[in-house]
1. Taking +1 at the Cβ of each Lys and Arg and -1 at the Cβ of each Asp and Glu, which of T5, T92, A202 sits farthest along the dipole of the chain towards its positive end, judged by Cα position relative to the Cα centre?
2. Which lysines have a Cα less than 25 Å from the Cα of K251, not counting those fewer than 8 places away in the same chain?
3. Given R₀ = 35 Å, what would the calculated FRET efficiency be for D304 paired with D149, taking r from the Cβ atoms and rounding to 0.05?
4. Compute, for the chain, the length of the dipole vector about the Cα centre, with Cβ point charges of +1 (Lys, Arg) and -1 (Asp, Glu) only. Units Debye, rounded to 20.
5. Go through region 54-135 and name the GluC sites (Glu not before Pro) that are in a DSSP coil and have 14 or fewer other Cβ atoms within 10 Å of their Cβ.
6. In whole Hz and in residue order, list the ³J(HN,Hα) couplings for region 8-16 that follow from phi through the Karplus curve 6.51 cos²θ - 1.76 cosθ + 1.60, θ = phi - 60°; x for Gly and Pro.
7. In terms of the Cα gyration tensor, with a ≥ b ≥ c the square roots of its eigenvalues, is region 69-208 rounded because a/c is under 1.5, prolate because a/b exceeds b/c, or oblate?
8. Order by neighbour count: S40, S169, fewest other Cβ atoms within 10 Å first, most last.
Amino acid sequence: MTTDTITAADSGTWRLGDRTVNRLGFGAMRLMSKADGSPSDRDTAVTVLRRAIELGVNHIDTAAFYFSALRSANELINTALAPYPDDLVITTKVGPGRGPSGEWLPQARPEQLRGQVEENLRQLGRDHVDVVNLRIGEALERGQGSLADRFGALAELRDEGLIRNLGISNVTAEHLTEALSVAPVVCVQNQYSLTTAREDDALIELCAQHGVAFVPFFAIASGGSVSGAPRSQAQTAVEAAAAAVVEEVAKTHDVTPAQVRLAWTLHKSPNVLAIPGTGNPDHVAENVAAGALRLTQDDLARLDTIG
């Protein structure tokens, strides 16, 4: 597949509240380090961000807790892209936090969320954030706290103008129903891929019914979990089978397996967005090109037998 004339606009569009974005976006987490875990190169990270914008990406996902000893995703975004294009939508997330040494902190209480939102604003150099996701953590899942209280606190910040739109992350259908009873939800951001969290197929449909975007993270990554726990034997077997089928489909279209996985994600439903991350400028172009890849019904049937 040639990538010379393809832009993120070829992936189609979806509305995040009052903003319209191309369905193929960019996730900033991978800017912190290279694939082998070594520190990223600052100039290369800046180049990646600018290249994404050149290719029509107008939706960037980030977080204040995306940082390393040398890099901050928000600071890199500010350096690379300010003054920001008028159509650029920046999405961040709050709830989790990290101390100066990188250690994870307890989930923020409702009254602490303002500080997290303001931290993102300072780092990004903006007076508002386009979308803020409340990321749910283990403490809330175990009943220690209320999604409604936390989401309500963010709704107040939206009313003040610090936030334009609200979303939720790492959630279930029940969380979405509860959040919608508090304030409008424009997106749900969960781990999801061809071989991971396929139980969320039903959640994608529920989101579509409410006009809510479903935004997978780790859409290209295979198998593992957010916590980094090792894969089970069953997961390993599923991923091995998936890799073989994905490779065959990729050869048919003369594309990479990663592009097939991204295209499959976007084919799930018009309300599904993609935010693949990379620290490689060439991979940015490949990821954007995946938004123009049209899989056949036969391709989709073969891939859907895996999950």
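None of the figures in this text is laboratory data; all of them are computed from the coordinates on show. Quick caveat, the model's predicted, so the values are computed rather than measured. Positions of Cβ are generated from backbone atoms using ideal geometry, with glycine treated the same way; all protein chains shown enter the neighbour counts.
1. Positive-end residue among those listed: T92.
2. Output for K251: K268.
3. So the FRET efficiency works out to roughly 0.35.
4. On the way: 27 positive and 38 negative charges, 70 e Å.
Result for the chain is approximately 340 debye, rounded to the nearest 20.
5. Values: sites: E54, E75, E103, E111, E118, E119; in loops: E103.
Taking region 54-135 and a limit of 14 other Cβ atoms within 10 Å, the loop GluC sites (Glu not before Pro) found are E103.
6. 4, 5, 5, 7, x, 10, 8, 9, 9
7. Numbers: a/c = 1.41, a/b = 1.36, b/c = 1.04.
Because its axes are fairly even, with a/c under 1.5, region 69-208 counts as rounded.
8. Taking fewest neighbouring Cβ atoms as first place, the list is S40, S169.
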